[in-house]
Amino acid sequence: MTILGVDPGTIFTGFGVIQVKNGNCSVIVCDVLKNVRNSSMPERLSQIYLGLCDIIKKYNPDEFAMESSFYGKNPQSALKIGYARGVSILAAIANNIPIVEYSPREIKKAITGNGSASKQQVRFMVKKQLGLQKLALNLDASDALAVALCHSFRNKGLLASQYKSNKKAPKSWSTFVKEHPELVIKRK
């Protein structure tokens, strides 16, 4: 399965495409779509839409995962993020790709085990899990990869919050780790 993860923004829209085979994830591409700060909002939104459509056509993802809305202190910022989310969703819909959304907290918890993790902690764990330690990775691109990874974990049934109702979620983080040793990254 190929997953396109997107971290929408009007100046920087992070994207990451991962391939999931036999439970292993590998990065196909990750980067950011960059807009000029002084360009108009319609121009920015057009660039995001066209850029994502190009990525979709080039890498042909099976699924599209993105970060859901969050409520910040600045309503103008939230509105602008909403615009970027809207054109991102439109790009997926126009290309007939199923869309899933995850809250920032859910993504952070899936990647780091802590729903309040910083962007730097998320980037560290994304690089560790995908073997990208030597790659300089933009925070927006690492956030997009985190979204894609979160979705891949969900598909494997590895998130405690995604357990079927007939299976109880682990009572602690250590229980979860014992049940899923394949997720443990061992230091060398």
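The values are calculated or read from the model by the stated rules, or taken from the named source; none is laboratory data. None of the values given here were measured: they were computed from a predicted structure. We place every Cβ from the backbone using ideal geometry, glycine too, and count neighbours over all the protein chains shown.
Go through the range 87-102 and give me each residue that's more than 26 Å from F153 (Cβ to Cβ) and either surrounded by fewer than 16 Cβ atoms within 10 Å (Cβ to Cβ) or free of Cβ contacts under 8 Å to residues at least 12 places away in the same chain (or both).
L90, A94
How many residues are in a helix (DSSP H, G or I), modelled with pLDDT under 90 and of a type in the set (G, A, S) when one looks only at the range 139-174?
Number of matching residues: 3.
Just give me the residues in the range 13-26 being modelled with pLDDT under 95 and either crowded, with 20+ Cβ neighbours inside 10 Å or of a type in the set (V, I, T) (or both), in sequence order.
The answer is V20, and nothing else.
Being within 21 Å of A141 (Cβ to Cβ), among the polar types (S, T, N, Q) and assigned to a helix (DSSP H, G or I) is the filter; apply it to the range 54-103 and report the residue that is nearest to the chain's Cα centre (by Cα).
Across the range 54-103, the extreme among qualifying residues is S88.
Between a first residue in the range 41-61 that is more than 13 Å from G9 (Cα to Cα) and a second residue that is assigned to a helix (DSSP H, G or I) and among the small types (G, A, S), which pairs have beta carbons less than 8 Å apart while being 6 or more apart in sequence or on different chains?
Partner pairs satisfying both residue conditions: C53/A91; C53/A94; I56/A91; I56/A92.
Being assigned to a helix (DSSP H, G or I) and in contact (Cβ under 8 Å) with a residue 24 or more places away in the chain is the filter here, so list the residues in the range 113-138 that pass it.
Passing the criteria: K119, V122, K128, Q129, L130.
I'm trying to understand the selection: among the residues of the range 121-148, which are over 20 Å from V6 (Cβ atoms) and either touching a strand residue (DSSP E or B) at 6+ places or on another chain (Cβ under 9 Å) or surrounded by fewer than 17 Cβ atoms within 10 Å (Cβ to Cβ) (or both)?
Hits for the range 121-148 are Q121, K128, G131, Q133, K134, A136.
Taking A110, is it crowded, with 17+ Cβ neighbours inside 10 Å, under 14 Å from D7 (Cα atoms) and in contact (Cβ under 8 Å) with a residue 12 or more places away in the chain?
For A110, the condition - crowded, with 17+ Cβ neighbours inside 10 Å, under 14 Å from D7 (Cα atoms) and in contact (Cβ under 8 Å) with a residue 12 or more places away in the chain - is not met.
Among the candidates G23, G5, G51, single out the residue that is of a type in the set (G, A, S) and under 15 Å from D143 (Cα atoms).
After applying the criteria, what remains is G5.
Restricting to the range 31-40, give me the number of residues that are modelled with pLDDT under 95 and within 13 Å of the chain's Cα centre (by Cα).
Matching residues across the range 31-40 total 0.
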